[in-house]
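Student: Take a look at this one; I'll ask things after.
No value in this document is a laboratory result; all are computed from the given coordinates. Just so you know, these numbers come straight off a predicted model, no measurement behind them. As a convention, Cβ positions derive from the backbone with ideal geometry for all residues, glycine included, and neighbour counts pool all protein chains shown.
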Amino acid sequence: MDPTAFVITAIAIGGTALLTSVRVLFEYERGVVFRLGKLTRARGPGLIFLIPYGIERMRKMDLRIVALDIAPQDTITKDNVTLRVNAVVYFRVADPTKAVVEIEDYYFATSQLAQTTLRSVIGQSELDELLAERKRINEVVREIIDEGTERWGIEVTGVEIKDIDLPQEMKRAMAKQAEAERERRAKVISAEGEYQASTKLALAAEVIERFPTALQLRFLQTVVEIAAENNSTTLFPIPIDLFKPFIERGGPRDQADREATLKALKAAAESMLEGLPKGAEPAVLEAAARKMIGMAAEGPAAEPLQVAVKHGERNGS
């Protein structure tokens with residue numbers, strides 16, 4: 001055999017073996033190496049060498065976090081409310097060798113486990129709890145999925161419920177409930193304001209009772225506020241206290257006039273009785289007295305009538 005041909009053949013075989021045995025792995029990649037079908041170990045990152053001609057084979061595994069979208073799931077809550085829920089699961093390959101050896105398709109298996117776990121957790125929760133404590137529900141689902149995928153070399157880093165689709169009837173009922181709750185709060189706040197205002201008004205009334213001038217100051221302040229509104233008509237009530245001096249000044253004079261009228265009526269009744277016969281009936285005397293003082297007021301006429309009757313009794317009638 002020609003030595004030159006032999007060298008060329010050896011170089012060709014060696015070059016081919018070199019090219020087939022060299023692998024370059026990125027930082028986020030690992031290579032699971034099998035030697036004649038038997039697992040050796042995971043290699044990488046960087047430049048690695050494999051025994052050529054199929055003696056060693058490698059399978060690349062990506063270690064980056066994967067976002068797995070869970071399809072919408074029709075579930076029933078603990079309080080028998082039908083929901084449509086979808087979520088997203090974040091996971092990564094923590095152990096490449098287990099992810100290759102322990103399970104055929106870790107991506108599909110993690111997706112199915114996430115769906116069943118999501119349904120199970122929602123079925124054990126009530127609607128109000130699901131809406132108010134979503135963060136806790138996410139953590140519970142993550143722990144359950146992570147526990148199930150740990151033996152596959154998969155680490156679940158997070159679970160987030162993206163959307164909760166409620167039936168239209170339930171949405172209307174919740175809207176009514178929220179509206180009623182807002183009305184209740186508004187009424188409570190209004191009642192509390194009325195109570196506080198009444199307390200302050202009671203204290204203000206006590207101050208005005210001790211200092212009556214404060215009422216006049218408050219009245220003038222109210223007039224100023226009304227005038228600031230540019231009203232075309234302003235009602236200006238006049239306090240009755242302004243007429244008190246005139247009433248007090250006219251009081252004694254009116255009292256004196258009433259006393260003078262009463263004395264005149266008494267004298268007229270006495271003179272009338274002296275001119276009547278002694279045998280007259282009390283009713284006749286009373287009628288005569290009424291006729292005499294018919295134009296007088298009822299108050300001053302009362303005593304002359306009594307005087308007339310008594311005088312008639314003294315005369316033996």
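Student: Could you tell me which of the pairs Lys78/Lys171; Lys78/Lys98; Lys78/Lys135; Lys98/Lys162; Lys78/Lys176; Lys135/Lys171 are separated by over 26 angstrom between their Cα atoms in the structure shown? Please list the in-between numbers first.
Tutor: Details: Lys78/Lys171 18 Å; Lys78/Lys98 37 Å; Lys78/Lys135 18 Å; Lys98/Lys162 30 Å; Lys78/Lys176 22 Å; Lys135/Lys171 22 Å.
Those over the limit are Lys78/Lys98; Lys98/Lys162.
Student: Please list the non-local residues whose amide H lies under 5 Å from the amide H of Ser125, H modeled 1.01 Å from N, same-chain partners needing a gap of 5 or more.
Tutor: When sequence neighbours closer than 5 places are left aside, the close amide H contacts are Lys78.
Student: Points 7 angstrom from Cα along the Cβ direction at Thr16 and Gln73: gap in nanometres?
Tutor: Going from the Thr16 label point to the Gln73 one covers 5.3 nm.
Student: Further question: Quick one: what are the phi-derived ³J(HN,Hα) couplings along the stretch 97-111, Karplus 6.51/-1.76/1.60 with θ = phi - 60°, whole Hz, x for glycine and proline?
Tutor: Once rounded to whole Hz, the list reads 5, 5, 5, 8, 8, 7, 9, 6, 9, 5, 5, 5, 5, 5, 4.
Student: Further question on the same structure: If you take the square roots of the eigenvalues of the alpha-carbon gyration tensor of the stretch 180-228 and sort them as a ≥ b ≥ c, do you get rounded (a/c under 1.5), prolate (a/b over b/c) or oblate?
Tutor: Values: a/c = 8.49, a/b = 1.89, b/c = 4.49.
Taking the square roots of the gyration eigenvalues as a ≥ b ≥ c, the stretch 180-228 is oblate.
Student: Something else: What order do you get for 183-192, 215-224 when each peptide is scored by the mean count of other beta carbon atoms within 10 Å, highest first? Don't jump to the answer; show the numbers that get you there.
Tutor: Details: 183-192: 10.0, 215-224: 11.5.
Per-residue mean Cβ counts within 10 Å order the peptides as 215-224, 183-192.
Student: Work out, step by step, the length gained on full extension between Ala94 and Glu133: first 0.36 nm times the residue separation, then minus their alpha carbon distance; give nm to one decimal. Walk me through the numbers before you get to the answer.
Tutor: Working: separation 39, 0.36 × 39 = 14.04 nm, distance 2.95 nm.
Gain in length upon complete extension: 11.1 nm.
Student: Another question about this same structure. Can you compute 3J(HN,Hα) from phi for each residue in the stretch 150-155, using the Karplus curve 6.51 cos²θ - 1.76 cosθ + 1.60 with θ = phi - 60°, rounded to whole Hz and x for Gly and Pro?
Tutor: 4, 6, 8, x, 10, 10
Student: Which of rounded, prolate, oblate describes the stretch 1-50, given a ≥ b ≥ c as roots of the alpha-carbon gyration tensor eigenvalues and a/c under 1.5 marking rounded, otherwise prolate only if a/b is larger than b/c?
Tutor: Values: a/c = 6.54, a/b = 2.36, b/c = 2.77.
Note, shape of the stretch 1-50 comes out oblate.
Student: Follow-up. What residues have an amide H closer than 5 Å to that of Gln73, excluding those fewer than 5 places away on the same chain, when H is modeled at 1.01 Å from N in the peptide plane?
Tutor: Counting only residues 5 or more places away or on other chains, the set is Val85, Asn86.
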